[in-house]
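Asks: Questions regarding the structure given below will be posed in turn.
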Amino acid sequence: MHPPLPLLTRRHVLLAAGITALPHALSQTTPDWTGIEKAARGQTVFWNAWAGSEQTNAYIQWVAQQVQAWFGVKLQHVKITDTADVVKRVRAEKAAGRTAAEGTVDLVWINGENFAAMKREGLLFGPWAETLPHFRLVDVASKPTTLNDFSVPTDGMESPWGMAQFTLFADSKRLPQPPQNMQALLALARAQPGRITHPRLPDFHGTTFIKQALVEFAPDAKALAQPVTDAAFAAQTAALWPFLDALRPHLWRAGKQFPQNGAAVRQMMADGELLLATTFNPNEAANEIAAKRLPASVVSWQYEKGTIGNTHFVAIPYNARSKPGAQVLANFLLSPAAQARKADIAHWGDPTVLDVARLPSAERALFQTGQLPGLVTRGAPTLPEPHASWVDPLEKEWARRYGV
């Protein structure tokens, strides 16, 4: 990690970051929030966050510099590969009686079944998220997943940080007519066997591919928003398995092997071995084109009738040592300056959770990047994730049927 910046004036910090306007709402705080900022100064926040991307890690280093300089909060990025391991650690701490401020995790990057498990087991601090000064800038109206995580209400127990939506990308020179739903994908696989695949479950991208198919074929979408039962699982997946059975023999290596992760699929697509790849970041192809790892002829799209989307969050465990520091960090992550930098493909390209249209013109301008090669040119409706409880049985049944 880069050494923290010295405690400069706010103007100097902004200029060093390439920001010339004071981030929105920083001076519009309540006495309670002023007290939280005061308590946070001097604290170290151990942020457990996925570290599988150089861009993500570099962005977190930039955040560390900013919160140190602005608020005197030291950020320590605890690099993890699987958030489930953090859940297990906090669970073990609770079992060992490490309560109050005796935990090893101050903030965790989280969503989905991991959040559902921590909420259900009383492993989270809160509610706190909706009291953050910058939370009022979040687009809760048109981005309802900022308040519902895999159909589980957040109830102020986690703060939204970025948006995601199932997206496909391919080289338009090899695939001039992209498929617009799973049935069309099956037809393409039959026409060009061995040139389509998805990551092996439980890789996140692989699971999302299966969930997208589930959402398209389930007879009752409302049932997917409820906690899973054996009867509901049988009824809602009845058409899913025949689809996957039909698709499997036409996949790469006849569906007898699957790549380990989304990065492997992307590289195989770049090499021409596969026709397309999938991602949960609509800006991934643009990122790769900018980095010259993909040609400018690569295009991104989402199925016409919609694709699964969700929000990723940060949460504070119940026994965090630095709760004020964690809240100050989470609030900074929601600032227009931080959100704009994260949305910029030169730094990350992760879509914002803010309602950009409501921001003052100077802050709105931070988000204006123009139409770059590889970006989704026509967005599709965001379909809600199934309830978090559906993930485990889906992955287990997939492994039973297709795991090799």
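Asks: Would you call ALA320 crowded, with 21+ Cβ neighbours inside 10 Å, in a loop (DSSP other than H, G, I, E, B) and not assigned by TED's automatic domain parsing to the domain that holds VAL215?
Replies: Yes.
Asks: In segment 296-316, which residues are in contact with a helix residue (DSSP H, G or I) (Cβ under 7 Å, 6 or more places away or on another chain), hydrophobic (A, V, I, L, M, F, W, C) and within 19 Å of ALA213 (Cβ to Cβ)?
Replies: ILE308
Asks: From LEU186, LEU175, LEU201, grab the single residue that is outside any strand (DSSP E or B) and crowded, with 22+ Cβ neighbours inside 10 Å.
Replies: On inspection, the qualifying residue turns out to be LEU201.
Asks: Another one. With ALA141, ALA187, ALA164 as the choices, which residue is among the small types (Gly, Ala, Ser) and either more than 24 Å from GLN226 (Cα to Cα) or modelled with pLDDT of 95 or more (or both)?
Replies: ALA187
Asks: Within segment 85-114, which residues are part of a loop (DSSP other than H, G, I, E, B), over 20 Å from ALA129 (Cα atoms) and either among the acidic types (Asp, Glu) or outside the structural domain of VAL152 (by TED's automatic domain parsing) (or both)?
Replies: GLU102
Asks: Restricting to segment 210-257, name every residue that is out of contact with any Leu (no Cβ under 8 Å at 6 or more places or on another chain) and either of a type in the set (Lys, Arg) or within 18 Å of ARG190 (Cα to Cα) (or both).
Replies: LYS222, TRP241, PRO242, LEU244, ASP245, ARG248, PRO249, LEU251, ARG253, ALA254, LYS256, GLN257 - these are the residues of segment 210-257 that are out of contact with any Leu (no Cβ under 8 Å at 6 or more places or on another chain) and either of a type in the set (Lys, Arg) or within 18 Å of ARG190 (Cα to Cα) (or both).
Asks: OK, next. Quick check, is SER300 out of contact with any Lys or Arg (no Cβ under 6 Å at 6 or more places or on another chain), more than 30 Å from ALA100 (Cα to Cα) and without any contact (Cβ under 8 Å) to a residue 60 or more places away in the chain?
Replies: no
Asks: I would also like to ask the following. Determine which single condition ARG293 fails, assuming it passes every other condition in (1) in contact with a helix residue (DSSP H, G or I) (Cβ under 6 Å, 6 or more places away or on another chain); (2) closer than 22 Å to PHE166 by Cβ; (3) part of a loop (DSSP other than H, G, I, E, B).
Replies: So the condition that ARG293 fails would be (1).
Asks: Just to be sure, is GLY349 in contact with a strand residue (DSSP E or B) (Cβ under 6 Å, 6 or more places away or on another chain) and assigned to a loop (DSSP other than H, G, I, E, B)?
Replies: The answer is no for GLY349.
Asks: Looking at segment 139-156, which of its residues are part of a loop (DSSP other than H, G, I, E, B) and of a type in the set (Val, Ile, Thr)?
Replies: Selection gives VAL140, THR154.
Asks: Next up: Please verify whether ALA117 is in contact with a helix residue (DSSP H, G or I) (Cβ under 8 Å, 6 or more places away or on another chain) and in a helix (DSSP H, G or I), treating the condition exactly as stated.
Replies: yes
The values are calculated or read from the model by the stated rules, or taken from the named source; none is laboratory data. Because the structure is predicted, anything quoted here is derived from the model rather than measured. Quick reminder, even Gly has a Cβ in these numbers, built from the backbone with ideal geometry, and neighbours come from all protein chains shown.
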